[in-house]
Every structure is written in structure tokens, then in C-alpha cells.
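Participant: Submitted below is the structure of interest, expressed as C-alpha cells.
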Amino acid sequence: MEWKALIVEDEEGIALLLKEILEREGYSVRISANGMEGLREFFASPPDVVLLDITMPEMDGWTLLERIREVAETPVLFITSLVEESSKVRGLKAGADDYIVKPFSGVEVLARVEAVLRRSPKAQDQEFIYQDAALTIDQSQHRVFLRGKELTLTPTEFKLVSVLARNAGQVLTPDRLLDLVWGLDGGGSESVRLYVSYLRRKLADGGEPGLIQTVRGVGYRYRPPAGDPTA
């Protein structure tokens, strides 16, 4: 899998150093010299990860992160000379996935970039195949089979069943499902209830009415068929 990285950094030497570090590991890298240029690059060709300075001309890193978080969950790492704990806390609360203080080592940058990418939706989507006695989910092909017969699901239903199966046996609250399935697109607890009912109906029509359980007052749980090794 080739990862695309966007570096937004006004110090040319640092930007080129980061580019070299990432390209040596096979990343496709683009550089922007300020926040406004970085925003345009982000929308022109969405990257898999953003390495972002804070103090920049035209648009600072705080503002650029805010704009990115309005539309995407793309991993963002701040790389900055601001060493104050308050800046780090502000960055993480604003939605940054990590905060690296200059000067940095190439090994550290690579380790942190790889760590956030392993948690990214793209990595999970590419790698995730779920199977039990009733259900098979192939994320890369975007296909779901129930007892060998393919189900026709909407994109939201597909996300919902994937999240529930990925967390099989665990109770997920409506708020957690909203975050994992709807993300920045919003929705509310009523959306969760409705889409759980839609998904249950399709599973029941396929002969498996009890795969999604309601834990009253808490949330929902995907329960593999009784006797299945994943149950």
C-alpha cells in the first residue's frame, strides 16, 4: 500500500528533510510552504497523513487543522518548535493525532507517522476481513455475505455492520457508533436506532435475526452465532 503524505512547513530545509525521510520509506510526498497552499493541496489530492507546522504565514497550523477536521479524519501530526505543554494540549484537543517538537530525529518521525497510519480508517479498511459461521465481510471489496448469499447494503449499513463485527462481543454505545460510522457527517441517536433496525431487518430476511443485540440502556452488540469460535 502506497501512502500519500502532505507536509505543510514554511522552513524549506525542514520540509525537504521530512520529504527525504518519508520518500526513503516509499511515501509519495507533497510540500506546501504555508497554510493556505496546504489547504488547497489537501482538497486537490487528499493525502493519507498530514505533517503540519503551527507557526506559518497566511494561515497558521491551528486554523488549517480546524479546516481539515471540518471535512476529514485524516491523521495530522503537528511538527513544531512550540514546546509549551499548553500548546501540545491545545493541539491534541483540537484533533491532532500526535505532536512532535523540533528538533526531531528521522526515526522518531517515521515511528509516529506509522503509528497513526496503523489506526487510520484506510489501513483498517484495506486489511479487514471478518468471518464467522453466518457473516463474511470483505472490506477491500465492499461486500457482505450472509450464509454465502451476498447482502445488498447501503454505504451507511455497510459501515455499521463492519464496525459492529470488528468489535464483535463488545457493547458499543450510540455515541460511539455515531463517531465510528457517521463521524463528521453528524447524525444523532435516532440515526443509530434507525440504521440498526434497517440492518437487523436485512439480516433477519437472510435467516439470522439475532446477530445484533440491544443492551438496554447501554447500546448494541454484534453476537456471532451460538457455538461459533468467535462468539
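Participant: Subtracting the Cα-Cα distance from 0.36 nm times the residue separation, let me have the gained length for Ala133 to Ser45 in nm, one decimal.
Facilitator: Stretched fully, the Ala133-Ser45 segment lengthens by 27.6 nm.
Participant: Ordered by residue, what ³J(HN,Hα) values in Hz, to whole numbers, does segment 93-110 give under the Karplus form 6.51 cos²θ - 1.76 cosθ + 1.60, where θ = phi - 60° and Gly and Pro are x?
Facilitator: 5, 6, x, 5, 8, 7, 9, 10, 9, 6, x, 10, 9, x, 4, 5, 4, 4
Participant: Going by alpha carbons, how many degrees (0 to 90, nearest 10) lie between the helix axis of 189-205 and the longest principal axis of the chain?
Facilitator: 50
Participant: For segment 32-190, give me the percentage of DSSP beta bridges that are antiparallel, rounded to the nearest 5 percent.
Facilitator: So the antiparallel bridges in segment 32-190 amount to around 55 percent.
Participant: Express the relative contact order of the chain as a whole percentage, based on alpha carbon pairs under 8 Å and six or more residues apart in sequence.
Facilitator: 13
Participant: Can you pull out the trypsin sites (Lys or Arg not before Pro) in segment 26-129 that DSSP calls coil and that have at most 12 other Cβ atoms within 10 Å?
Facilitator: Within segment 26-129, the qualifying trypsin sites (Lys or Arg not before Pro) (loop, at most 12 other Cβ atoms within 10 Å) are Arg119.
Participant: Checking the table Lys4/Lys102; Lys19/Lys88; Lys19/Lys159 against a 31 Å threshold on Cα-Cα, which pairs fail?
Facilitator: Lys19/Lys159
Participant: Which of these values of semi-axes √(5λ) of the Cα gyration tensor in Å was calculated from the structure shown: [x] 40, 18, 15; [y] 32, 24, 17; [z] 25, 24, 16?
Facilitator: Comparing each candidate, only [x] matches the computed number.
Participant: So how tilted is helix 12-24 from the main axis of the chain? Cα-based, degrees 0 to 90, rounded to 10.
Facilitator: The helix 12-24 is inclined about 40 degrees to the chain.
Participant: For segment 128-222, what does the convex hull of the Cα positions come to per residue, in cubic angstrom?
Facilitator: 90
Every number in this text was worked out from the coordinates using simple rules, so none of it is lab data. On a predicted model such as this, the values are computed, not experimentally measured, just so you know. Neighbour counts are summed over all protein chains in view; Cβ atoms, including those assigned to glycine, are modelled from backbone coordinates with ideal geometry.
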